[in-house]
Every structure is written in structure tokens, then in C-alpha cells.
Amino acid sequence: MNILHTENLSKQYHHKDGIVGALKNISLTAEKGSFVTITGPSGSGKTTLLLTLAGLIRPSSGSFSLMDKNLTLVNDSELALFRRQNVGFIMQSFALITYLTAIQNVKLPLALIKMNKAMQQSKAVEVLEIVGMGMRMNHLPRELSAGQQQRVAIARALVNSPSIIFADEPTGNLDPKLSIEILDFLKAINLKNNITVVMVTHSPVAAEYGNVRIHLDNGEIK
Ligand SMILES: Nc1ncnc2c1ncn2[C@@H]1O[C@H](COP(=O)(O)OP(=O)(O)OP(=O)(O)O)[C@@H](O)[C@H]1O
Ligand SMILES: [Mg+2]
């Protein structure tokens, strides 16, 4: 199955200083279970591509589908529901909610799909244990190290049992040793649970983890 498919996907940002062509005719396909890496210089469109594929921003033209569902054709609420059910997202800056504990952060995506409280609790504990954070569930983000915060962010991305995880520079803020740990972890869930991973990275070491490698330059695939 093609979990990811795009045809001539383009994105222009309309800014008061002019139009920015951030993505130009991106056509790509990835099979379920792929580990896709996206590299390219700063400003080449990596984050824009990731956000578009994850359904967080709309393309200007072209089409894209996840799990054989053409998401270009669905309305905003259908898109949000699809995302909550099937997609996990890890951001570079972790984006944990500062006043919520680790476990409260991890439960958030489940609250959004209105899962009952007992199920939320058991699913959240399960994924926190998988990422090795079972002992720190009741810590606030500021009471965790950077690597631990990133593991909580990964737990949050995993908690809805997504088919596909999008990660923007997931190791950008971590030292080399922790980066390898997080990358190995992503690779392990990719292989073990057959979860497709799409990861933006600047690091050549991280890009080596991909079996589908995309290099962007000025909004185009090179
Ligand atoms: N909201 C926006 N409005 C207008 N232009 C934008 C917006 N977001 C990004 N851009 C422009 O689109 C282009 C692609 O940006 P994008 O964030 O996708 O790059 P990137 O490859 O992720 O860069 P980096 O490696 O620095 O994170 C850049 O030229 C940027 O200035
Ligand atoms: Mg970026």
C-alpha cells in the first residue's frame, strides 16, 4: 500500500512582501513502513512539505493522499479528524505544554478524540513506558532533561497508534549521543510496529536512517 502519495504538490505563501513559492510540483510516493528523510538547505521548504503532508497546512495546488485517502478533497473538520486518528507529529522544539505534566501532555491527543478517561490513562502510561519515561510521568517539562522532553513528545506522537509519524528535526536540540538514541528509537518503532516515519533533518547521520531520501532545493526535489 502507498501510505503517502503526492502529485504536483505546490505551496505558495502570500506574504505582504510578495509571493513565496515554497514547494514546486512535488511528486512522491512512499510505501507503508518506509522511513522517509527530507533534507535540504534552510528555507528549501522542508517544514512546509512536512506540514502539508501532515494535513496541517493546505497546498496551493496539486494533490496528496495518506493511506489512499485523497486529503486534498476533504473539508477542514474531516481533515482534522483524519489527522487525530492516523497521524503523529513531533516538532523540533518539543512543543510540550509547559503547565501540564508528562502524562497530561501525552493524554491530550486522546482527549481530543474523546477517548474515555480510563483508556486515556492506560494508553498514556503504556507509551510513556515504551519511551522509558515511566518513572517521570508526573514531572513538568521544565523538570525533565532535553532528551527526556523529546521522549515525552515522541510518546505523545505515538499515543493515538498512528500509521504515520511526521517529525521536524526531532534531534535538532539534542547532543549527538541523545540524537542517536532518539533516532534508534524511531527506527525501532518503524521496524517493529510498521509505523511510517517522515523526518526532516539537517544531519547527514540522521538522513542515513532513511530508506526513502528526499532532498529539497528551493522547493523542488533534487
Ligand atoms: N508562513 C509563511 N509565510 C510566508 N513565507 C513563509 C512562511 N513559512 C515559510 N515561508 C517561506 O517559505 C520558504 C520555505 O520555508 P520552510 O520553513 O519550509 O523551510 P525549511 O526548509 O524548513 O527551512 P529550515 O531548515 O530553516 O527550517 C522559506 O523561504 C520561508 O521564508
Ligand atoms: Mg524547517
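The values are calculated or read from the model by the stated rules, or taken from the named source; none is laboratory data. Just so we're clear, the structure is a prediction, and the values are computed from it rather than from any experiment. All Cβ positions, even for glycine, are placed from backbone atoms using ideal geometry, and neighbour counts span all protein chains on display.
Just one residue in the set Ala95, Ala118, Ala30 is within 16 Å of ligand 2 (Cβ to nearest atom) and either more than 30 Å from Lys222 (Cβ to Cβ) or hydrophobic (A, V, I, L, M, F, W, C) (or both); that residue is Ala95. Given the structure, is Ser77 among the small types (Gly, Ala, Ser) and either surrounded by 16 or more Cβ atoms within 10 Å (Cβ to Cβ) or in contact with a Lys or Arg (Cβ under 6 Å, 6 or more places away or on another chain) (or both)? So Ser77 does not fit the description; no. Do we find a residue being within 15 Å of the chain's Cα centre (by Cα), more than 16 Å from ligand 1 (Cβ to nearest atom) and surrounded by fewer than 16 Cβ atoms within 10 Å (Cβ to Cβ) anywhere in region 50-63? No, region 50-63 has no match at all. Within region 25-54, residues that are of a type in the set (Asp, Glu) sit with their Cβ atoms under 7 Å from residues that are in a strand (DSSP E or B), at 6+ positions apart or across chains, in these pairs: Glu31/Asn2; Glu31/Ile3. Which numbered condition in (1) farther than 22 Å from Ser203 by Cβ; (2) within 16 Å of ligand 2 (Cβ to nearest atom) is the only one that Thr39 fails? Result: Thr39 passes all but (1).
Let's see how each residue does on (1) more than 12 Å from ligand 1 (Cβ to nearest atom); (2) modelled with pLDDT of 90 or more; (3) of a type outside the set (D, E, K, R):
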position	(1), (2), (3)
Glu169	no, yes, no
Gly172	no, no, yes
Ser179	yes, no, yes
Leu183	yes, yes, yes
Asn190	yes, yes, yes
Thr196	yes, yes, yes
Val212	yes, yes, yes
Gly219	no, yes, yes
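So is Pro41 crowded, with 20+ Cβ neighbours inside 10 Å, more than 13 Å from the chain's Cα centre (by Cα) and within 15 Å of ligand 1 (Cβ to nearest atom) or not? When the stated conditions are applied, Pro41 does not pass them. Of all residues in region 207-218, none are more than 21 Å from Pro41 (Cα to Cα) and either away from ligand 2 (no atom under 16 Å from the Cβ) or surrounded by 22 or more Cβ atoms within 10 Å (Cβ to Cβ) (or both). Go through Phe89, Phe82, Phe35 for me and flag whichever is aromatic (Phe, Trp, Tyr), more than 13 Å from Val198 (Cα to Cα) and more than 12 Å from ligand 1 (Cβ to nearest atom). Checking each option against the conditions leaves just Phe82.
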